[in-house]
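K.L.:
First the structure, which I've put down as structure tokens, then a few questions once you've had a look.
The values are calculated or read from the model by the stated rules, or taken from the named source; none is laboratory data. In this text the structure is predicted, and so the values were computed from the model without any measurement. Cβ sites come from the backbone with ideal geometry, for glycine too, and all protein chains shown count toward neighbours.
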Amino acid sequence: MDENDSDRLFIEDWKVTKDRIKHFDDIILKIRLEGIPIAVALFSLGYYLIPTLQTYEFPIFGNAAPIPFLSASLYICGLMGMDVVHFILLLDSVKHSIWIEDLPQFRGKLQITTKLTDDKITFFHILYTAMFYVSILAVSSYMGFALFGDVVIPV
């Protein structure tokens with residue numbers, strides 16, 4: 001394999017990696033844009049149904065009011081897990097793309113990933129995403145556990 005073939009393979013690898021970056025980015029956006037509203041809807045529905053659900057006996061909880069909130073909590077955990085996995089795959093793809101761009105034969109030629117990637121922005125992205133998920137999870141879990149037993153929350 002001569003140097004031109006090797007360079008072509010690296011360029012093809014870089015193109016596939018860029019495609020994977022776009023794919024993982026799309027998946028993350030889809031998870032957030034489609035998944036989080038469902039969790040909020042579950043939470044809202046649960047809050048709306050508190051008076052009705054508190055009248056039904058449920059063996060574990062005492063009444064049925066915690067069920068929508070705990071369901072929303074479990075759903076958020078699943079969303080968060082999928083989001084984290086795809087974000088890790090996205091970061092790995094970005095690192096691979098940067099590695100290719102840093103090869104001597106491509107330095108100064110392939111630069112888009114290097115120019116668009118910033119560790120500070122990535123850090124803040126992770127921080128804000130974690131805060132967002134944790135806040136939704138905390139409120140939903142709190143509401144679910146606060147409704148255990150005979151606790152009546154006026155609506």
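K.L.:
Note down all Cβ pairs under 8 Å where the first residue falls in segment 118-129 and is of a type in the set (Ser, Thr, Tyr), the second is part of a helix (DSSP H, G or I), and they're at least six residues apart or on different chains.
P.N.:
So the pair list comes out as 122/91; 129/83; 129/87.
K.L.:
For segment 56-80, give me each residue that is of a type in the set (Val, Ile, Thr) and within 19 Å of residue 131 (Cα to Cα).
P.N.:
Once the filter is applied, which keeps residues that are of a type in the set (Val, Ile, Thr) and within 19 Å of residue 131 (Cα to Cα), segment 56-80 yields only 76.
K.L.:
Residue by residue through segment 57-74, note down the ones that are surrounded by 19 or more Cβ atoms within 10 Å (Cβ to Cβ) and among the aromatic types (Phe, Trp, Tyr).
P.N.:
Across segment 57-74, the qualifying residue is only 69.
K.L.:
Take segment 99-111 and flag every residue that is surrounded by fewer than 16 Cβ atoms within 10 Å (Cβ to Cβ) and closer than 29 Å to residue 30 by Cβ.
P.N.:
99, 111
K.L.:
Conditions first: (1) over 21 Å from residue 138 (Cα atoms); (2) out of contact with any helix residue (DSSP H, G or I) (no Cβ under 7 Å at 6 or more places or on another chain); (3) at pLDDT 85 or above. Residue 24 passes all but one, so which condition is the exception?
P.N.:
(2)
K.L.:
Looking at 25, 13, 92, which is the one that is surrounded by 14 or more Cβ atoms within 10 Å (Cβ to Cβ) and closer than 19 Å to residue 133 by Cα?
P.N.:
After applying the criteria, what remains is 25.
K.L.:
Can you confirm whether segment 55-73 contains a residue that is in contact with a Pro (Cβ under 9 Å, 6 or more places away or on another chain) and either more than 28 Å from residue 146 (Cα to Cα) or in contact (Cβ under 8 Å) with a residue 60 or more places away in the chain (or both)?
P.N.:
Scanning segment 55-73 turns up at least one residue that is in contact with a Pro (Cβ under 9 Å, 6 or more places away or on another chain) and either more than 28 Å from residue 146 (Cα to Cα) or in contact (Cβ under 8 Å) with a residue 60 or more places away in the chain (or both).
K.L.:
What number goes with the only condition from (1) aliphatic (A, V, I, L, M); (2) out of contact with any Phe, Trp or Tyr (no Cβ under 6 Å at 6 or more places or on another chain); (3) more than 30 Å from residue 8 (Cβ to Cβ) that residue 39 does not pass?
P.N.:
(2)
K.L.:
Take the residues in segment 119-154 that are loosely packed, with under 11 Cβ neighbours inside 10 Å and more than 24 Å from residue 75 (Cα to Cα); name whichever of them is modelled with the lowest pLDDT.
P.N.:
150
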